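Notes follow once the structure below has been shown.
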Amino acid sequence: MTKALIVLTNVEQYEKIDRATGLWFGELTHFYDVMIRENIAVDFVSPKGGYVPLDPHSLAFMTESDWAYYKDEDFRNQALANSLKPSQVKADDYDIIYYTGGHGTMWDFADNAELAKLARSIYQKGGIISSVCYGAAGLLAIVDQVGTPLIAGKRVAGFSNAEEAANGTSDAVPFLTQDELIAKGGLYQEAQPFSSFVVTDGRLVTGQNPQSAAAVGLAVLDLIKKA
């Protein structure tokens with residue numbers, strides 16, 4: 001059975017300003033919905049395990065499907081209340097890893113060795129690495145067998161500098177996603193701000209922003225069907 005591991009943040013507040021952050025809810029649910037509709041099993045993991053905070057701003061953009069998942073007690077318990085720790089997860093069980101976004105990921109994805117090791121192992125056995133928006137922070141720590149960044153020389157997308165500026169948070173984040181992807185050797189691609197945009201390079205699938213989450217799921221699904 002095909003199985004996906006969805007990675008979520010545990011960070012609930014910006015370091016520099018008094019503003020809440022966390023998971024951007026739709027970046028979880030839109031990808032998850034694509035997987036579930038195709039009978040792909042899903043587990044949820046976070047750097048610390050347990051509670052996953054929601055970025056309250058994301059709740060202003062809820063779709064009917066988002067509300068259905070938000071009201072689903074079993075879904076909330078699995079994804080948001082009792083996410084797994086990396087130590088509870090075995091890479092051999094998964095064919096897909098997907099890094100969700102929300103600003104919180106910039107503090108607990110970018111240098112997380114445990115998550116990077118899981119992703120690398122999934123990729124090395126022929127699996128798919130995927131991310132959306134700030135979830136691209138999770139790609140930064142992944143290296144190949146000789147220590148080269150996984151994304152070096154690969155086409156990638158993630159939240160753009162233009163989008164960060166429009167969001168008014170350029171000075172509140174520890175780094176700019178676009179700049180860091182380029183610094184790691186990624187061939188950064190972007191579309192118009194806040195429009196759905198996904199890049200597939202081999203078994204690496206990345207989306208630019210929250211509007212891209214479902215499209216990332218569909219691109220992952222396309223790779224699974226071609227395998």
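Coordinate-derived values only; no laboratory data. None of the values given here were measured: they were computed from a predicted structure. Glycine gets a Cβ as well: all are built from the backbone with ideal geometry, and neighbour counts include every protein chain shown.
Restricting region 183-227 to residues that are part of a loop (DSSP other than H, G, I, E, B) and hydrophobic (A, V, I, L, M, F, W, C), which is nearest to H103 (Cα to Cα)?
It comes out as F194.
Applying the selection to region 155-172, what residues are assigned to a loop (DSSP other than H, G, I, E, B) and surrounded by fewer than 21 Cβ atoms within 10 Å (Cβ to Cβ)?
Across region 155-172, the qualifying residues are G168, T169, S170, D171, A172.
Six or more apart or on different chains, Cβ under 9 Å: which pairs go from a residue in region 211-227 that's over 20 Å from I122 (Cα atoms) to one that's surrounded by fewer than 19 Cβ atoms within 10 Å (Cβ to Cβ) and of a type in the set (S, T, Y)? Could you list them?
Close Cβ pairs satisfying both conditions: Q211/S195; Q211/S196; S212/S195; S212/S196; A213/S196; A214/S196; A215/S196.
Tally up the residues in region 80-133 that are aliphatic (A, V, I, L, M), touching a Lys or Arg at 6+ places or on another chain (Cβ under 9 Å) and either assigned to a helix (DSSP H, G or I) or without any contact (Cβ under 8 Å) to a residue 40 or more places away in the chain (or both), please.
Residues flagged as aliphatic (A, V, I, L, M), touching a Lys or Arg at 6+ places or on another chain (Cβ under 9 Å) and either assigned to a helix (DSSP H, G or I) or without any contact (Cβ under 8 Å) to a residue 40 or more places away in the chain (or both) within region 80-133 amount to 2.
Can you confirm whether region 13-21 contains a residue that is within 18 Å of the chain's Cα centre (by Cα) and either among the aliphatic types (A, V, I, L, M) or closer than 21 Å to S121 by Cα (or both)?
no
What about L54, is it under 29 Å from D171 (Cα atoms) and surrounded by fewer than 15 Cβ atoms within 10 Å (Cβ to Cβ)?
Spelling it out, it is not the case that L54 is under 29 Å from D171 (Cα atoms) and surrounded by fewer than 15 Cβ atoms within 10 Å (Cβ to Cβ).
Please go through region 161-186 and pick out each residue that is touching a Cys at 6+ places or on another chain (Cβ under 9 Å) and charged (D, E, K, R).
E163 - this is the single residue of region 161-186 that is touching a Cys at 6+ places or on another chain (Cβ under 9 Å) and charged (D, E, K, R).
Does region 65-79 hold any residues that are surrounded by 12 or more Cβ atoms within 10 Å (Cβ to Cβ) and part of a helix (DSSP H, G or I), and which are they?
Matches in region 65-79: S65, D66, W67, A68, Y69, Y70, F75, R76, Q78, A79.
Report yes if G22 is in contact (Cβ under 8 Å) with a residue 60 or more places away in the chain, in contact with an Asp or Glu (Cβ under 6 Å, 6 or more places away or on another chain), over 24 Å from L221 (Cβ atoms) and surrounded by 16 or more Cβ atoms within 10 Å (Cβ to Cβ), otherwise no. Explain how you work it out, then say what you get.
Details: in contact (Cβ under 8 Å) with a residue 60 or more places away in the chain: yes; in contact with an Asp or Glu (Cβ under 6 Å, 6 or more places away or on another chain): yes; over 24 Å from L221 (Cβ atoms): yes; surrounded by 16 or more Cβ atoms within 10 Å (Cβ to Cβ): yes.
Yes; evaluated as a whole, the condition is true for this residue.
Among the residues of region 71-103, what is the count of those that are touching a strand residue (DSSP E or B) at 6+ places or on another chain (Cβ under 8 Å) and closer than 20 Å to S212 by Cβ?
Going through region 71-103 one residue at a time, the tally reaches 8.
In region 96-115, how many are touching a helix residue (DSSP H, G or I) at 6+ places or on another chain (Cβ under 7 Å) and buried (at least 22 other Cβ atoms within 10 Å of the Cβ)?
12
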